[in-house]
Structure formats: C-alpha cells, structure tokens
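Quick notes on the structure that follows.
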Amino acid sequence: MRCEVAVIGGGFGGTLVAMCLAAQGRDVIVLERERHPRFAIGESSTPLANLVLEDIIRTYSLEALLPLCRYGTWKHSYPKVRCGPKRGFSFFAHEPGRPFEAFSDHRTELLVAANPSQDLADTQWLRSDVDALFSETAKAQGVRVLEGVSVLDAERGRRWKLALLQEAEDASSTPASGRSQSFSADFVIDASGGASPLHTAVGLTDAGESLATRSRAIFSHFEGVETWHTVCSAAGGNLDDHPFPADDAALHHMTREGWIWMLRFDHGVTSVGAVLTDDGKSGSIEEEWKALFERYPSVAAQMSAALPTRPLVRTSRLQRRLRPAAGPDWALLPGAAYFIDPLLSPGNAHTMHGVERLSRIFESWPDRGAMAVGLDEYDSRLQAEVDFMDPLIHGCYLAIDSLPLLAAYTMYYFAGAIHSEERRRDGTAEGADGFLHSHDEAFRGRVMEAYHDLADITEGPVDAGVVEAFASRVAADIEPWNTTGLCDPERQNMYPYK
Ligand SMILES: Cc1cc2nc3c(=O)[nH]c(=O)nc-3n(C[C@H](O)[C@H](O)[C@H](O)COP(=O)(O)OP(=O)(O)OC[C@H]3O[C@@H](n4cnc5c(N)ncnc54)[C@H](O)[C@@H]3O)c2cc1C
C-alpha cells in the first residue's frame, strides 16, 4: 500500500489535516489504532479554536463541519453529536476543610465570558462523538481512514515505510494476533497525540524535563453531578452578578493541590478531572480521588450523588515535549509535539493552528524545497510558542494559592486570546501570527518579565498590597491589547462579553 501523505492518528486533529490536504488533491491516508467512537480527553473548546476551525473550513470547503463552530448551529445541525454549551471560564477558590466562601466583592471568584449568548456559545466536545463525526466527514471527503491500525515503527528512506499492525477483526483476539503489514508514503504527519512512532527515525529529543510546569491528572465522566449554581447559591454566592451561568463554562475549582475541572454535556454527563501538582501518590486511584474531594466540602457536595460512567484514569506527569517538530518530509501536530496542561484549555486551539499552518505549507506541493522552508518555520514558531506557553501556565500555578493574584496573571492569557480572536474576526490576522499573540515581541516580553517577577513575589508572603501592585502592573502591561476592559477593578472579577 502507498500514498502521498500518511497521517498517524485519527483524532480530530489528524482527520482535519487529512481533509485539508485531500481538498488540495493529495492522496491521504489516516491510520488510527482504535475504532470510532472511542473515548478521548481534551473536551473544552475556546473561541480561538472555533475561529481557526471556521477559517480552515472556509479555505478548504469543509462546510459540513461549519455548524460545529457555535453551540446553536451545532445543536440544530447535529443534535445527536453530544456536546455542552461553554459560555466562558469560571474559577472558584476553595480552602481545605471549609465550605466555599463567597464575598460581595467576588474575591474568591473569577468569571470571564467568551461569547455573548448561549446560541453563539463555544462548546464542550464529547470527543467520542466529535472525533467519529470528523472521521466520517473525512471519509466523505475522499480521505482513506483505516481504523484498528497501529503504526508500530517508521523507517525513513527515499520514501517512508511504516510498519503497521492491523487489529484482528475478531474482537476477542489480542492485538498481537493482528496482521502485520507495511505502508509507504512520501510525507508523514504525526497526529498521534504523543509517543511519536517517528521518534527514532527522525531523531527526536525528549525535552519535557525542561518545562517548568509540573502536573498530573485524574479524571473520568460522571452522571448526577450537582450544578455549581445550586451549591454556590447555598453558600451565599451572588449569582446575579455572574455574567453567564458558571456551570456552562470550563468550571475551575481551585484547590491547594491544583484544580478540578467540570465540563457539562447536555446528556447529563459531566467531565470531572483533578489536576495535581505533586509528583504522585501510592494507593488506589479511587482512594486518592475520594480523599481529595473530602477536603473540599462544596465540591464534594456537587459530587455526592455522582456516579462514574467509566473508570477513573490517573496519568503520570502530563508535560512532554519532542524536538524538533518538523523536517523536510514529516511534521508533528502540536498535540504530538508537546503538552503542558489543561489549564485555560489551550490544547485544541493550538492543534487548529497547527492544522492550518501545515495545510498552508502543503499548498507548495510538489515543490519540496519551498515546503522544507515552510516546515522549518513551522518548527521554529511552534518551539517559540511552547516557550511562551510554559511560563504562561506555570505562572498560574505559582499564583494558585491566591485567587486575586491568579486572576491578575490570567489576564495575560485573556488579553492574548481575545486580541487574537479580534484579529481573526476583523481579518487583520496574518500568517505569521503566533498562538495567543505570542509573536508580538512587546507582548511576549511583558508576559515573560511578569512571570519572572511573579516567581520572585510568590517566594514571600502574598498580602493584599503585593496583589494590588501586581494587578496594576498587569493592567498597564496589557493596555495596548486590552480592548474589552480586562483588569478593571470595578468589575470585581466579573467580565461580561464585550
Ligand atoms: C488531561 C487532559 C485534559 C485536556 N483538556 C483539554 C481541554 O479542556 N481543552 C483543550 O483544548 N485541550 C485539552 N487537552 C489537550 C487535547 O487533548 C489535545 O489538544 C487534543 O486531543 C489533540 O487532538 P489530536 O487529534 O491532535 O490528538 P489526540 O486527540 O490525542 O488523538 C490522537 C489519536 O492518535 C491515535 N494514535 C496514537 N498513537 C497511534 C499509533 N501509533 N498508530 C495509530 N494511531 C495512533 C490515538 O488512538 C488517538 O485517536 C487536554 C489534554 C489532557 C491530557
């Protein structure tokens, strides 16, 4: 078997890039080791992810996917593809052993709206359904998608030779009893989401240890999770001030150990996960999970009647990084090249950027010289973005014990994200735009300086004066890019959509 481009991994990233290349006339095959629908994590979309997806859809005439860019059109066109509305980001700070405490000035809360209404909302993606839809759409676009096929190894010669293991049709057989075969391709895109089969063939370096962020996760899906609205109201929270329903969001419960996400789908299932900053615990996952929730009574109240719909998963350290991310005849999508952390949901948006950039590079096909230049640039930009993302996220962890300090630091993320969204919407975004506006040296420089200062500040006691000074500095720093009133103390951490 042979093709021009082989894509390893049939998540939404792999099938989307395959569709873009097929639209350009490339003979593309996607090799996916599992069979759709299959569980995947990475469920919370953002405005930027949707805007880039929309641009990709329009450029490569993939209109079948257009309804997925907004909650309202999604529900109308694909009522069976399960999702939930995401109106923004909500954060609530908890103290161990104490119920959640709400204050009239919202000092333990932060809500940042991402869209103006439920109809125009972003979405929580039930990845099993969404990735299956992407896969079906890819097939309809002429992409060959082979499921139940693992890429075991890759050999790089004049053409690529991929060693495959085709899962046996008989589901009771072990994978090892499947059929081995090989496949040749001119170009390989690794969309495997990590553990790259290209590792040895192209000499990838593991650079995960150089990342400052350190976290791991435990997660599952649950039925019967009580709404935060109910629990927060009972705790005296003034929900009338919330710019959107806090549950229709990427809901972050900030804890001493890290944070807990809750993402609600419309069919009564909620994705719940804990991101923890320690290096790991012995004992069963269930015990660790139970002990964590017992420390936070209000979060425990949300989970008191919750039942998992699938077993809990406990990861090792989440951070990973492979370098480089591209060569003359291969490329890694962002999700294969690195992962930092789910905080602020940057993963899927960055994947969309990677798909868009690679697809543009393929417009030079068959001019491999021009492509090589583009791929070199793809790698440099991705590395620069990872170097930006790691401090951006790690800074949030440095500030995690003080919600006001965390709220101030997250404004760099929101300023970069919102400014990038505006550039997409008004048509001023350029090919050279970096993820979250990180290409802008002035913006990037301010974030990096603030990160280093934050590291110094959090070495000592963080009192109200320290927080106030840091918040004023953030406000001044982001001023050139802040068109929506971020950092306004009068908003008291409640930011409606503007
Ligand atoms: C705990 C956690 C929470 C996250 N939360 C969010 C979030 O809320 N929002 C967000 O934007 N991002 C989030 N992310 C990131 C998100 O998961 C990724 O951005 C996204 O999954 C990337 O999509 P992808 O299609 O590139 O890769 P994946 O979704 O990882 O898909 C890779 C596919 O490749 C297949 N595969 C792997 N190896 C092989 C092989 N050798 N041969 C054949 N097939 C193979 C796999 O079976 C899989 O289907 C999270 C990540 C983690 C770890």
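Readers should treat all values here as calculations from the given coordinates under stated rules, not as data from a laboratory. Not measured: the values here are computed from a predicted model. Here the Cβ positions follow ideal geometry from the backbone for every residue, glycine too, while neighbour counts run over all protein chains shown.
If you take the Cα centroid of the stretch 326-400 and the Cα centroid of the stretch 1-25, the two points sit 17 Å apart.
Listed values for the stretch 337-348 are Karplus-derived 3J(HN,Hα) couplings in whole Hz (6.51 cos²θ - 1.76 cosθ + 1.60, θ = phi - 60°), namely 7, 6, 8, 10, 5, x, 4, 6, 6, x, x, 5, and x replaces Gly and Pro. The coefficient of translational diffusion for the chain, derived via Stokes-Einstein from the alpha carbon Kirkwood radius under 25 °C and 0.890 mPa s, stands at 105 µm²/s. Counting only alpha carbon atoms, the long axis of helix 127-140 and the longest principal axis of the chain meet at about 30°. In the stretch 398-495, a dipole from Cβ-located charges (positive for Lys and Arg, negative for Asp and Glu) runs towards its positive end, and of G445, A415, A432 it is A432 whose Cα lies farthest in that direction. Placing +1 on the Cβ of every Lys and Arg and -1 on the Cβ of every Asp and Glu, with nothing else charged, gives the stretch 1-113 a dipole about its Cα centre of roughly 360 debye. Near E377, within a Cβ-to-Cβ distance under 12 Å, what is the net charge of the other residues, with Lys and Arg +1 and Asp and Glu -1? Net local charge, E377 excluded: +1. For a straight C-alpha distance cut-off of 25 angstrom, the lysines reachable from K80 (same-chain residues fewer than eight places away being disregarded) are K139. Relative to the dominant Cα principal axis of the chain, helix 368-398 is inclined by about 20°. Dipole size of the stretch 213-324 about its Cα centre, with +1 on Lys/Arg Cβ and -1 on Asp/Glu Cβ: approximately 860 debye, rounded to the nearest 20. When GluC sites (Glu not before Pro) are flagged only if DSSP places them in a loop and at most 13 other Cβ atoms lie within 10 Å, the longest unflagged stretch of the chain comes out as 170-429. Taking 0.36 nm per residue of separation and subtracting the current Cα-Cα distance, fully stretching the chain between R144 and D241 would add 29.9 nm. Count the net charge of all other residues whose Cβ sits under 14 Å from the Cβ of S90, scoring Lys and Arg as +1 and Asp and Glu as -1. Overall, the nearby charge balance is -2.
Going by neighbour counts of Cβ atoms within 10 Å, the residues I478, I418 line up, fewest first, as I478, I418.
Taken about its Cα centre, the chain carries a charge dipole of about 1400 debye when Lys and Arg each add +1 at the Cβ and Asp and Glu each add -1 at the Cβ.
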